[in-house]
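Everything on this sheet refers to the single structure shown next.
A short reminder: the numbers here are calculations on the coordinates, not readings from a lab. Because the structure is predicted, anything quoted here is derived from the model rather than measured. Every residue, glycine as well, gets a Cβ built from its backbone with ideal geometry; the counts of neighbours run over all protein chains shown.
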Amino acid sequence: MVTRLPVERALRRLVTDGVSQGSLGPGAQLPTERALVEELGAPRSAVRQALGALERDGILVRHVGRGTFLADALHPAAVTAPADTSPAEIMAARRLLEPQLAGLAARSATQADLERIEGCLRRGGAAPDAPSFEAWDSALHRGIALASHNGLLVTLFDTMNAARELPVWGGLKRRSSTPEHRRDYHADHTAVVLALHERDPDAARDRMREHLARVSDHLLGGS
């Protein structure tokens, strides 16, 4: 009998490949359980367990009677931020939390986590415009948070990240976004991801701190 872990790994690879190839985006519907049983060559019970594991990690959302969908990494359900949150507050929170999440991810990330983050990195690097880059930027940062495998910290991240959908943040990002800045951010992301692959928590924290300092400088003039 196929054990749960190989089936889960295969399902994660299927999702990662779909994201990296552009066939799966936030909210996309996955094949039915029956189709996944055939595609993965696994018992239905093992497929259901694997789907449950990805759902617990926040990668998938299952709706009874409708099917299974890729989670919308940019708009986690039931998470909101105070409407009067300022960009300075958002950056202060990010600079406190995200370097620590990167350090944890360097220790805890699975191969599937790293592949998912790599997919976001590639798509961000190939993004044709600022909105596309921002979408994959947000997905990459959340992917790093998920790779910490600390549910409480992911919830804190999602609350903080929800503030990036506030109009005041969006307007500031649009005004400060340039091709040069996006290239800088992509280079920063690449350095963070390299540290994750090298399983180097100190480097992951340092590279994330440097990245967020650059973002703060571009958006707020430094802090």
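What percent do you get for the relative contact order of the chain when only Cα pairs under 8 Å and 6+ apart count?
Result for the chain is 23 percent.
What FRET efficiency do you get for H149 and L194 if R0 is 25 Å and r is their Cβ-Cβ distance, rounded to the nearest 0.05?
0.80
Give the peptides 139-151, 33-45, 202-214, 118-130 in descending order of average Cβ contacts within 10 Å, highest first.
139-151, 202-214, 118-130, 33-45
So, by mean Cβ neighbours within 10 angstrom, what's the order for 85-96, 55-66 with the highest one leading?
Peptide ranking by packing, descending: 85-96, 55-66.
Let's see if you can work this out: charge +1 on each Lys and Arg Cβ, -1 on each Asp and Glu Cβ, no other charges. What is the dipole magnitude of the chain about its Cα centre, in debye to the nearest 20?
My answer is approximately 380 debye.
In the chain, with Lys and Arg counted as +1 and Asp and Glu as -1 at Cβ, which of these residues, G52, G124, G27, has the Cα nearest the positive end of the dipole, that is, farthest along it?
Final value for the positive-end residue is G52.
Give me a comma-separated list of calculated 3J(HN,Hα) values for the range 175-183, in order, Karplus coefficients 6.51, -1.76, 1.60 applied at θ = phi - 60°, integers in Hz, x for any Gly or Pro.
5, 9, 6, 9, x, 5, 5, 5, 5
What is the extension gain from E39 to F69, computed as 0.36 nm multiplied by their sequence separation minus the C-alpha to C-alpha distance, in nm to one decimal?
Full-extension gain reported as 9.1 nm.
What are the ³J(HN,Hα) values, in whole Hz, obtained from phi via the Karplus relation 6.51 cos²θ - 1.76 cosθ + 1.60 with θ = phi - 60°, for each residue of the range 185-194 in sequence order, with x given for Gly and Pro?
5, 5, 5, 4, 4, 4, 5, 5, 5, 4
What does the helix-only formula give at 222 nm for the chain: each DSSP H stretch with n ≥ 4 adding -39500 (n - 2.57), the total divided by the residues, and the result rounded to the nearest 500 deg cm²/dmol?
When only DSSP H runs of four or more count, the value is -22500 deg cm²/dmol.
Starting from the Cα of R183, step 7 Å along the direction of its Cβ; do the same at S108; then give the gap between the two resulting points in nm.
It works out to 3.7 nm between the two label points.
When the chain is fully extended, how far beyond the present Cα-Cα distance does A92 get from E165, taking 0.36 nm per residue of separation?
Length gained between A92 and E165: 24.6 nm.
Would you kindly derive the ³J(HN,Hα) couplings of the range 83-99 from the backbone phi angles with the Karplus curve 6.51 cos²θ - 1.76 cosθ + 1.60 (θ = phi - 60°), listing them in order in whole Hz, with x for Gly and Pro?
Karplus values, whole Hz, x for Gly and Pro: 5, 9, 5, 8, x, 5, 5, 4, 5, 4, 5, 4, 6, 7, 8, 5, x.
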